[in-house]
Amino acid sequence: MRLLTRREPAAFAAPRNRARLFRLISLLLQYPDAELLAARDELGRAAAALPESATRDALVAFTAWYAECEPTRLARAYVETFDLRRRSSLYLTYYLHGDTRRRGMALLTLKQRYRVAGLVPPEGELPDYLPVVCEFAALAGPSTGEAPLRQHRKGLELIRTALREAGSSYSLVLDALCAELPDLPAAERAAVAELALTGPPAEDVGLAPYGPPAGNFGPSPYGPPAEHVGLAPCGPPLNETEVRP
């Protein structure tokens, strides 16, 4: 009788596969500009070429929706989902630190982490923007590159929960991302539930908030252009209290 069995290797154990995965996720979470819209078929093929796994299946399903969605509707969905709702903002340090002095230090530390790895932080975009963090994971490798994702695992879970509750197709991308990161223990899942109810820390002592940069719709290489700022959302009416962090 055999006492030991050989464990099957994880689909994304190889650094090369992980790099392909995080690069694809970075692209799919960016604003769908003309360049990404023109590459939709290529993005679908990249998802289909990933190793067989639930992660691959989630991204194949998302890229199928992404390819079929009319461009203007896709732009509206992105703006409504990520730019107008605080609970699904893609700026990770907000969930950990809120608009406090600690967030400013966290942003500076993240920029320094990029520079130490020989990478230049993007102009006009905060370093904690999730597509930037995923691209860093792809370029710097599992140990160094994925450390910010692991550090902000609770924030990622909160984004995923918010997207699922909103019925957003983007929840599939967060499902794929979270599936390749460590699971949250029960205590941290309870902390995520508490954070969803109370919101991140606040500090009102004259501190200028570290939200997305003013005019983020224009100069950011990842965000939507200015002409899309006034687009009506394609989902249900927004709650007046839902604003970008």
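The values are calculated or read from the model by the stated rules, or taken from the named source; none is laboratory data. Every value quoted in this text rests on a predicted model; they were computed, and no experiment measured them. Glycine also receives a Cβ, built like all others from the backbone with ideal geometry; neighbour counts cover every protein chain displayed.
Taking the stretch 143-169 as the range and being under 17 Å from residue 31 (Cα atoms) and in a helix (DSSP H, G or I) as the test, the residues that pass are 159, 163.
Within the stretch 110-137, the set of residues being more than 10 Å from residue 92 (Cβ to Cβ) and aromatic (Phe, Trp, Tyr) comprises 114, 136.
A count restricted to the stretch 69-98 and to residues that are of a type in the set (Asp, Glu) and surrounded by 18 or more Cβ atoms within 10 Å (Cβ to Cβ) stands at 2. Answer yes if at least one residue in the stretch 201-222 is surrounded by fewer than 21 Cβ atoms within 10 Å (Cβ to Cβ), at pLDDT 65 or above and out of contact with any strand residue (DSSP E or B) (no Cβ under 9 Å at 6 or more places or on another chain), and no otherwise. Among the residues of the stretch 201-222, not one is surrounded by fewer than 21 Cβ atoms within 10 Å (Cβ to Cβ), at pLDDT 65 or above and out of contact with any strand residue (DSSP E or B) (no Cβ under 9 Å at 6 or more places or on another chain), which makes the answer no. Would you confirm whether any residue within the stretch 177-200 is modelled with pLDDT under 75, in a loop (DSSP other than H, G, I, E, B), of a type outside the set (D, E, K, R) and buried (at least 18 other Cβ atoms within 10 Å of the Cβ)? Yes; the residues of the stretch 177-200 include at least one that is modelled with pLDDT under 75, in a loop (DSSP other than H, G, I, E, B), of a type outside the set (D, E, K, R) and buried (at least 18 other Cβ atoms within 10 Å of the Cβ).
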